[in-house]
Amino acid sequence: MTTLASDAVRSQWARQVSAEYRSSALAQQLTLWLTQIGASPDLIDSGLRIAHDELDHSRESYEVYRAAGGTGSVSLQRPRLTNAGSDEPLELLVLDAAVTVFCLGETVAVPLFRKLRSGCDIAVPRSVLDRIVKDEPRHSSFGWDLLDWLLDGPCTGREERVQHTLGEGFRGLERAYGNQGTPTAPTFPDADRSWGLAPRQEYAEILDTTFHRVWQRRFAAYGIDTDAAWNERTSVDKISALRVGDDVEHVAIGRPGLQPARSVNRATRRIE
């Protein structure tokens with residue numbers, strides 16, 4: 001017998017639909033930039049494959065949302081569907097996206113989704129989490145491969161740029177997963193965990209562990225110190241909430257008639 005889903009379950013899976021759809025859009029834009037700067041074809045192929053993966057994740061997350069009793073489409077603000085742009089060289093914009101979206105976001109996603117899957121015992125969300133857990137390590141590896149390629153380029157000052165970008169990235173992760181100012185709930189419903197949810201406290205613990213076990217070591221290999229950016233991530237004067245006008249355009253995700261995308265099977269090794 002399937003455990004009845006709570007409002008929290010429906011809300012979380014609606015957010016997951018949006019997050020995965022956004023990840024697909026960001027991966028597609030990054031891949032276009034990679035094409036425009038003459039990146040390795042293997043990196044371009046990997047980026048396109050990731051965009052397909054994320055779109056599949058969004059579609060499958062919508063199936064969980066519906067199975068949990070959700071109705072209608074899921075709305076997402078259109079300004080969220082693009083990487084930050086400027087008049088700077090594309091190489092620097094690619095570097096920013098590689099660090100924030102992949103080296104940070106997709107890297108912490110690996111243990112986060114494993115944690116969500118560990119307590120999930122309902123077939124529909126479990127199947128989706130199985131797929132995501134399988135894909136996320138490859139997405140994370142793409143980010144580090146891309147960072148290798150970018151830092152090996154002729155432009156100077158890229159390590160300093162990464163250091164600055166880490167500050168913004170860590171603050172964003174703190175807003176999303178941190179435990180600052182969030183009271184610890186005395187208990188967490190087993191029924192919600194069965195649907196693939198976890199308490200905020202566990203998200204915060206995974207974020208902290210990922211910094212100390214992964215990010216410190218991997219960025220140090222490039223001569224990049226992460227400690228200052230990490231320690232400032234909770235500074236009140238530096239954390240600013242995303243503000244988007246109420247009149248912005250929205251994208252409706254989950255319209256009838258969407259068909260599953262075919263899987264893309266490509267070799268993803270890098271050309272050295």
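What residue, of Asp148, Asp121, is in a loop (DSSP other than H, G, I, E, B) and either touching a Ser or Thr at 6+ places or on another chain (Cβ under 9 Å) or within 28 Å of Ile224 (Cα to Cα) (or both)?
From the options Asp148, Asp121, the qualifying one is Asp121.
Which numbered condition in (1) open to solvent by 50 Å² or more (accessible area, probe 1.4 Å); (2) farther than 19 Å from Pro189 by Cα; (3) not in a helix (DSSP H, G or I) is the only one that Leu48 fails?
(3)
Is there any pair with a first residue in region 217-231 that is part of a helix (DSSP H, G or I) and a second that is hydrophobic (A, V, I, L, M, F, W, C) whose Cβ atoms are under 6 Å apart and which are 6 or more apart or on different chains, and what are they?
Close Cβ pairs satisfying both conditions: Ala229/Leu166; Ala229/Phe170; Trp230/Phe170; Trp230/Phe211.
Pick from Thr156, Thr100: which is hydroxyl-bearing (Ser, Thr, Tyr) and either open to solvent by less than 10 Å² (accessible area, probe 1.4 Å) or at pLDDT below 95 (or both)?
Thr156
The values are calculated or read from the model by the stated rules, or taken from the named source; none is laboratory data. Please read these numbers as outputs of a predicted model, since none were measured by experiment. Backbone-built Cβ (ideal geometry, glycine too); neighbour counts: all protein chains shown. All accessible areas refer to the heavy atoms of the entire protein, side chains included, with ligands and DNA or RNA removed. Shrake-Rupley method; radii C 1.70, N 1.55, O 1.52, S 1.80 Å.
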